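These notes concern the structure reproduced below.
Here, each number is a calculation from the coordinates, and none is a lab measurement. Remember, it's a predicted structure, so these values are computed and weren't measured experimentally. Virtual Cβ from ideal backbone geometry, glycine too; neighbours counted across all protein chains shown.
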Amino acid sequence: MVRARAMEKRRMVKMAEQTVTNEQIADVLDQIADLLEVQEANRYRIQAYRRAARTVRSQDASVTSMVRAGNSEELQELPNVGEGIAPIIESYARTGHSDMLERLKGEVTPEKLFVQVPGIGEELADRIADHLDVSTLEELEQAAHDGRLEEVEGFGTDRVRDIRVSLAGMLSTAAQRRRRRAAGEEAPEEEPSVDLLLDVDEAYRSKAEAGELREIAPKRFNPEGEAWLPILNAEREGWEFTALYSNTKRAHDLGKTDDWVVIYYEQDGAEDQATVVTETQGPLKGKRVVRGREGECREYYRAESGAD
């Protein structure tokens, strides 16, 4: 255990000392554009990433140095970057890792994400994935604040506090705003309506069942490397959506990998995700429901049926 912690500390120090070059950042933006193109995403979105890549390559100054100096506004003001792409550049410049790129490639696993956090080695990352229903750094941050993380063996009060601090620095400004909203410190921002999320969910499941979507080979729970996970990119009412079936441990354990749909959405630099499931009990039993927004779903179905 001590050796593992020492190795993790050296890994993080080495990462901090490395400087991600402008060329590497531009390559990541181009790869994102390539994958979006293959997945038939909105062409304007694809072009936005390609233009941003050209801008980054043309800069004489180091973009990574700009990010680490905390000059977020300067980064956003670069031609073709703006609030939407700046957080992706910032994340990669700080960590050498792009969640969005790996998500599009189907290679991201919760364990791989969690070991990026100082204080979390491979063993602890495995424990988190096994004991908590979290698969993103944002969800891990929420678990660190609501007490769930402390219930996992190896996570005492001091370690969890340090992890909260680390995550606050690693996550985008939008993610930090979500944490403050959950604590009642900030008013909710605009998010896709329930009917919009349900529309994307229906389109995804319909196209997936018809075999009309590109399938990717997720790394997690897929030792054969089979391409089985359909992925949909769509644009609705100014929002960009990426939808795919849940590939979490809990979804596999409960046999819900063909029912739970995770929808990532972004607009003007703000991004988040929602999970849509088939309700198994209560007045919404048998209907598709957005987790955490059940009240809105009841209103949606009431209006749809014409009930008073």
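Worth pointing out:
- For peptides 88-100, 66-78, sequence by mean Cβ density within 10 Å, most packed first: 88-100, 66-78
- Residue-wise HN-Hα couplings along the stretch 286-291, as the Karplus relation 6.51 cos²θ - 1.76 cosθ + 1.60 with θ = phi - 60° gives them from phi, are x, 9, 6, 9, 8, 4 Hz; Gly and Pro carry x.
- Burial ordering of THR280, THR136, THR242, fewest other beta-carbon atoms within 10 Å first: THR280, THR136, THR242
- Cross-link pairs exceeding 22 Å between alpha carbons, from the set LYS256/LYS287; LYS112/LYS287; LYS249/LYS285; LYS112/LYS219; LYS219/LYS249: LYS112/LYS287; LYS249/LYS285.
- Stretching the chain fully between GLU153 and PHE221 yields a gain of 22.2 nm (0.36 nm per residue, less the alpha carbon separation).
- For TRP260, the amide hydrogen comes within under 5 Å of the amide hydrogens of SER246, counting only partners 5 or more places away or on other chains and with H modelled in the peptide plane.
- Cβ-defined net charge surrounding LEU75, 14 Å radius [Lys, Arg +1; Asp, Glu -1]: -3
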